[in-house]
Amino acid sequence: MHVIENATLPDSLGRFGPYGGRYVPEILVAPLEQIEQVYFEARQDPAFQAELEELNRQYAGRPTPLYHCKRLSEHLGGAQIYLKREDLLHTGAHKINHCLGQALLVKRMGKKRIIAETGAGQHGVASATVAALFGFECTVYMGEEDMRRQELNVFRMRLLGARVEAVKTGSRTLKDAVTQAMREWTANFETTHYLLGSALGPHPFPVMVRDFQSVIGTEARAQFGEREGGLPDVLFACVGGGSNSLGLFHPFLDAESVRMVGVEAGGRGDALGEHAARFSGEGGAPGVLHGTRSYVLQDEAGQIALTHSVSAGLDYASVGPEHAYLRDQGRVEYTACQDADALAAVRTLARYEGIIPALESAHAVAEAIRRAPSAPGQRFLVNLSGRGDKDIGIFRENMPDLD
């Protein structure tokens, strides 16, 4: 492990080493350049930063607490486990962080409509929320299978005034929702902003989403220093597209003593089609999907592979390009957690701390639980990126002994 020399990447072309970039049809180059210009101007504008900070504090509920899991740590008998409580934000997950930031950019661009994709539904809910707050029209694309798994969030989006469009092609999950949203944006970019939901896609989305999410790690670093007089030893976060994990990791990249662990969806097993582990599972290799170059799960012919995860938010064939760069540089360790272990972690955290995590976040919790007994004296910090209300139906299906 070593410190990344230039933690401000990407370069001017939107590349993190060999990853990232802008692989899009010519018609989308101009709208992407507009977003890039507006974003980098806003990033230097004190008025923009002040408005975003006010929204984060008064509307979203920042700063979120740093919580010490005393009973869980005592039970495990090793490392001390802390949670960054993003689950306590308005809408129930970290997604509101970048949705508020992008909504302010939409206002700057003078547009009145947003579209979004969603898997677990939390980005869709956050998009519908900011649309209601700012008076935008909103359409959310969601795979038909994910709509079945996340029925509660579909209703929440509609209650907030959004139109939810079922995507019935392919695996009917997150990949297909992104594809449909990008198609629609191509046809309507003059009036519509694509509020992309993770640190992936064509430049400038990966850096823009990462920057808006970095409030997580910035807060956590200050809170940990104030509370413990130092830095955590290991950071844990789940990795789907990569927004919550980069939000935690990025402000710590210059801290050589801090190790970082990204946890992918191990699904039901190692065979291609049974997991969504781009780095640690069968089938992951560099490729292009949805406008960016990164690691992609693909078959021998180079076709995008089917994926599986009990958590809809991690059920995606690719990963943000900055994660690919950090993996190749050895700065972040990536591993995978299978469905059964994530579900067990939900029950453990609920029973020992009275906190029900989202299934996505439970993957990171499970890895911290697995490692804690053999790490006495160390301090683990887990990004609890969302709460488990949305997953109650899945919990009931998989925990019949509780009924």
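The values are calculated or read from the model by the stated rules, or taken from the named source; none is laboratory data. Keep in mind that what you see is a predicted model, and the values were worked out from it rather than measured. Note that we place each Cβ from the backbone using ideal geometry, even for glycine, and neighbour counts take in every protein chain shown.
Which residue out of Arg327, Arg370, Arg293 is out of contact with any Pro (no Cβ under 7 Å at 6 or more places or on another chain), of a type in the set (Lys, Arg), buried (at least 18 other Cβ atoms within 10 Å of the Cβ) and at pLDDT 95 or above?
On the way: Arg370 fails: buried (at least 18 other Cβ atoms within 10 Å of the Cβ); Arg293 fails: out of contact with any Pro (no Cβ under 7 Å at 6 or more places or on another chain).
When all the criteria are applied, what remains is Arg327.
Between a residue in the stretch 346-361 that is not assigned by TED's automatic domain parsing to the domain that holds Leu66 and any residue that is buried (at least 18 other Cβ atoms within 10 Å of the Cβ) and of a type outside the set (Asp, Glu), which pairs come within a Cβ distance under 6 Å, given they are 6 or more apart or on different chains?
So the pair list comes out empty.
Are there any pairs with C-beta distances below 8 angstrom linking a residue in the stretch 320-335 that is aliphatic (A, V, I, L, M) to a residue that is assigned to a helix (DSSP H, G or I), with the two at least 6 apart or on different chains, and if so which?
From the stretch 320-335, the pairs are Leu326/Phe249; Val332/Phe249; Val332/His323; Val332/Leu326.
On the basis of being surrounded by 23 or more Cβ atoms within 10 Å (Cβ to Cβ), of a type outside the set (A, V, I, L, M) and not assigned by TED's automatic domain parsing to the domain that holds Met182, does Tyr67 make the cut? Break it down stepwise before answering.
On the way: surrounded by 23 or more Cβ atoms within 10 Å (Cβ to Cβ): no; of a type outside the set (A, V, I, L, M): yes; not assigned by TED's automatic domain parsing to the domain that holds Met182: yes.
Considered against the rule, which asks whether it is surrounded by 23 or more Cβ atoms within 10 Å (Cβ to Cβ), of a type outside the set (A, V, I, L, M) and not assigned by TED's automatic domain parsing to the domain that holds Met182, Tyr67 comes out as no.
Mind checking whether some residue in the stretch 181-197 is in contact with a strand residue (DSSP E or B) (Cβ under 9 Å, 6 or more places away or on another chain), closer than 21 Å to Leu384 by Cβ and either assigned by TED's automatic domain parsing to the domain that holds Thr139 or not charged (D, E, K, R) (or both)?
yes
I'm checking my understanding of the structure. Among residues of the stretch 222-249 that are within 12 Å of the chain's Cα centre (by Cα) and of a type in the set (S, T, N, Q), which one is surrounded by the fewest Cβ atoms within 10 Å (Cβ to Cβ)?
Ser243
What's the number of the only condition in (1) of a type outside the set (Phe, Trp, Tyr); (2) touching a Ser or Thr at 6+ places or on another chain (Cβ under 8 Å); (3) outside any loop (DSSP other than H, G, I, E, B) that Arg71 fails to meet?
(2)
For the stretch 198-213, which positions are touching a His at 6+ places or on another chain (Cβ under 9 Å) and either in a helix (DSSP H, G or I) or outside the structural domain of Arg113 (by TED's automatic domain parsing) (or both)? It would help to see each step written out before you state the result.
So the first thing to find is which residues in the stretch 198-213 are touching a His at 6+ places or on another chain (Cβ under 9 Å), and the list is 198-202, 208-213.
Met208, Val209, Arg210, Asp211, Phe212, Gln213 - these are the residues of the stretch 198-213 that are touching a His at 6+ places or on another chain (Cβ under 9 Å) and either in a helix (DSSP H, G or I) or outside the structural domain of Arg113 (by TED's automatic domain parsing) (or both).
Taking the criterion of being aliphatic (A, V, I, L, M), closer than 16 Å to Phe212 by Cα and either crowded, with 20+ Cβ neighbours inside 10 Å or more than 17 Å from the chain's Cα centre (by Cα) (or both), would at least one residue in the stretch 109-124 satisfy it?
First, pick out the residues of the stretch 109-124 that are aliphatic (A, V, I, L, M): 109, 114-116, 120.
Remaining after also requiring closer than 16 Å to Phe212 by Cα: none.
No: the stretch 109-124 contains no residue that is aliphatic (A, V, I, L, M), closer than 16 Å to Phe212 by Cα and either crowded, with 20+ Cβ neighbours inside 10 Å or more than 17 Å from the chain's Cα centre (by Cα) (or both).
If a residue must be within 17 Å of the chain's Cα centre (by Cα), assigned to a helix (DSSP H, G or I) and free of Cβ contacts under 8 Å to residues at least 40 places away in the same chain, how many such residues does the stretch 86-108 contain?
1
One line per residue, one yes/no per condition, for (1) of a type in the set (Asp, Glu); (2) surrounded by 23 or more Cβ atoms within 10 Å (Cβ to Cβ):
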| position | (1), (2) |
| --- | --- |
| Glu145 | yes, no |
| Gln150 | no, yes |
| Val164 | no, no |
| Val178 | no, yes |
| Met182 | no, no |
| His193 | no, yes |
| Leu200 | no, yes |
| Val207 | no, yes |
| Ala220 | no, yes |
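Return yes when Arg351 is at pLDDT 95 or above, of a type in the set (Lys, Arg) and either within 22 Å of Met182 (Cα to Cα) or not in a helix (DSSP H, G or I) (or both) and no when it is not. Walk me through how you get there before you give the answer.
On the way: at pLDDT 95 or above: yes; of a type in the set (Lys, Arg): yes; either within 22 Å of Met182 (Cα to Cα) or not in a helix (DSSP H, G or I) (or both): no.
When the stated conditions are applied, Arg351 does not pass them.
Answer yes or no as to whether Gln34 is in a helix (DSSP H, G or I), touching a residue at least 24 places away in the same chain (Cβ under 8 Å) and not β-branched (Val, Ile, Thr). Break it down stepwise before answering.
Numbers: in a helix (DSSP H, G or I): yes; touching a residue at least 24 places away in the same chain (Cβ under 8 Å): yes; not β-branched (Val, Ile, Thr): yes.
In short, yes.
So which of Arg85, Arg113 ends up being under 26 Å from Gly313 (Cα atoms) and outside the structural domain of Cys138 (by TED's automatic domain parsing)? Quick ask: steps written out before the conclusion?
On the way: Arg113 fails: outside the structural domain of Cys138 (by TED's automatic domain parsing).
Answer to the check: Arg85.
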